[in-house]
Structure formats: C-alpha cells, structure tokens
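Each remark here refers to the structure printed beneath this line.
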Amino acid sequence: MKAIVFLGGGRIASAMVAGLRLAGNEKNIVVYDRNPEKLRKLRRETRVEIARDLKSAVQRAEMLIVAVRPASVKGILDEIAASGVPAPKLCVSLAAGIPLRKLRGKLGPATRWVRAMPSPVCRVGRGLTALTFEPGVTTSQRARVRKFFAQVGAVVEIPENQFDAFTSVYSSSHGYHALATLAKAAQHAGLDRSTAMIAAAHALGDAIVYWRDSGNALDDLLHEATTPGGIAAATLAAMDKAGYARAVARGITAGMKQARLNARR
C-alpha cells in the first residue's frame, strides 16, 4: 500500500507528522531513520509505520519527503539511486539551503522536485510553509503538495531565489529568542522570573495577534502604542539607538550565508 514517506525522523519530521495527526489525517505515513530509538518514540506518539530499510521505504512512497540534514541529502539520494528502486514521481525536500538544481535528476528524469520550508510550529497546526516548485511539476502535483502542507498551517509559494531569505527570517527561533531576551531584561529590571515571562510573552504574542486580526497597518499600530514622551517610546528609542535593527539585519545575513554554504555541499 502506497504512503507518504519521510526519510528522516528528526524534529521537523516529527512535528509534521504530529500536525498531520492533529488535523485528522489518518492515512499511512511511513518513516525511515537510522536511529531506532527515534523511530520507536515517533511510532508511540504518532502511529506511523516504520520502514525496515531505505529501499523498502522508497518502494512504499507515493510522495517522498526528504527530511534529513542538508549535509546528508547527497548521501541518501546517492544511496537511493544505487539501490535500483524506482523513485516516486513527486519528491519534496525540507533541507534548508539545498537548491533544486542540486536535486533535479538525482533520482531519474521522471522525478519532480519541490522545496518546502515548514516550521516546527506545524506540530500544533499553526505553522507556515513556503513552497517552490521545479518547472516540470504538474498543476495537479502542485495542488496536491499545497493541500498536504495546508493541513498543518498556512502555505505561501515564493520564487526559489527568495528561499534563503525566507528561511532566515521565518523561524520560530526568532520568537523564542526575543521572548527569552525580553524576559531576561525584565528580570534584571526587578520582576520575578514568572511575571517577567508572562509580561514578555503577552507583549510579543498579543501584539502579533492584534496586528494579524485587526488588519491595521504596522506603522499605525506602532504609532498607537508609542505615545510621544511615554515609556514605550523611550524604551524603543533606546533599543534602536543601541543597534537593535542592525543586529537583526546581521543575523538574517548570517543565516543566508549559512544557507549558501549548505548549497555547496
């Protein structure tokens, strides 16, 4: 029986499968990974099937999702090609930084590739996934991939030349890092740890929810929240003067640089 097959049972694959199950997807999902403990845990949590080896995993795939680290992509594709097992017509890579040109043709001329960049937040059905397709992907295949990822959150299609920037910007790590940094500063200012975390979480989370639900322009909301001569205005002005915007820009640049290093593998 054909199935959705994940090669790799790490964090993003486990988040994807958990999100799919949360969305009510009870279809066959097969996972292959070289770490047996990781697979046992995934099977207990999400009722996936475990492939005994790479060859049997590929044989089951109607859609193959490559969810290994960028450094491992070439090796696993070479192994599939050497196995002699026909690859499915549709393959999706979740490997950050690996361009379509490095994937195209690896599993034969009939296989079409899609790049996808989901977030671990898809575990709770609130993620966002960016997609980009190689030219040969059919209209029906595109619709199928969009529908698949839409089960775990919003989907956006972007040109591949924007993928590295998107990957660097769209990461839940930004939210966690901002939350941890703001909460730590709140503790230094005199709040206890629990209150600092609550205040910081609401400052970030409530603002983003309000922006998204209100439909108001971000500049208008900033203006509304920062009364001239007020505490918020003074706080943000000091942060900007300290180089907040410059630090964020440097971080995005570093992420894009790493993505380009991945592409050379």
Selection status of Thr167, more than 30 Å from Ser194 (Cβ to Cβ) and modelled with pLDDT under 95 = yes
Looking at (1) in contact (Cβ under 8 Å) with a residue 60 or more places away in the chain; (2) of a type outside the set (D, E, K, R); (3) more than 23 Å from Arg34 (Cβ to Cβ), which is the only condition Met117 fails?
-> (1)
Within the stretch 120-130, residues without any contact (Cβ under 8 Å) to a residue 40 or more places away in the chain and within 15 Å of Val145 (Cβ to Cβ) come out as Thr129
Among the residues listed as Thr253, Thr227, the single one being out of contact with any Gly (no Cβ under 6 Å at 6 or more places or on another chain) and either assigned to a loop (DSSP other than H, G, I, E, B) or more than 28 Å from Trp113 (Cβ to Cβ) (or both) | Thr227
Scope the stretch 141-182; condition of a type in the set (A, V, I, L, M), in contact with a helix residue (DSSP H, G or I) (Cβ under 7 Å, 6 or more places away or on another chain) and not in a helix (DSSP H, G or I); matching residues | Val152, Val155, Ile158
Flag if Leu218 is loosely packed, with under 14 Cβ neighbours inside 10 Å and among the hydrophobic types (A, V, I, L, M, F, W, C) | yes
Among the candidates Thr227, Thr253, which residue alone is of a type in the set (Val, Ile, Thr) and more than 22 Å from the chain's Cα centre (by Cα)?
-> Thr227
Hey, can you tell me all the residues within the stretch 2-17 that are more than 14 Å from the chain's Cα centre (by Cα) and either part of a helix (DSSP H, G or I) or among the aliphatic types (A, V, I, L, M) (or both)?
-> Ala3, Ile4, Val5, Leu7
From the list Ala233, Ala199, Ala180, which one is at pLDDT below 95 and of a type in the set (A, V, I, L, M)?
-> Ala233
Checked the stretch 82-135 for anything among the small types (Gly, Ala, Ser), over 21 Å from Ala3 (Cβ atoms) and more than 21 Å from the chain's Cα centre (by Cα); matches are Ala82, Gly105
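The values are calculated or read from the model by the stated rules, or taken from the named source; none is laboratory data. Here the structure is a predicted model, which is why all the values come from computation and not from measurement. FYI the Cβ positions are ideal-geometry reconstructions off the backbone, even for glycines, and counts take in every protein chain you see.
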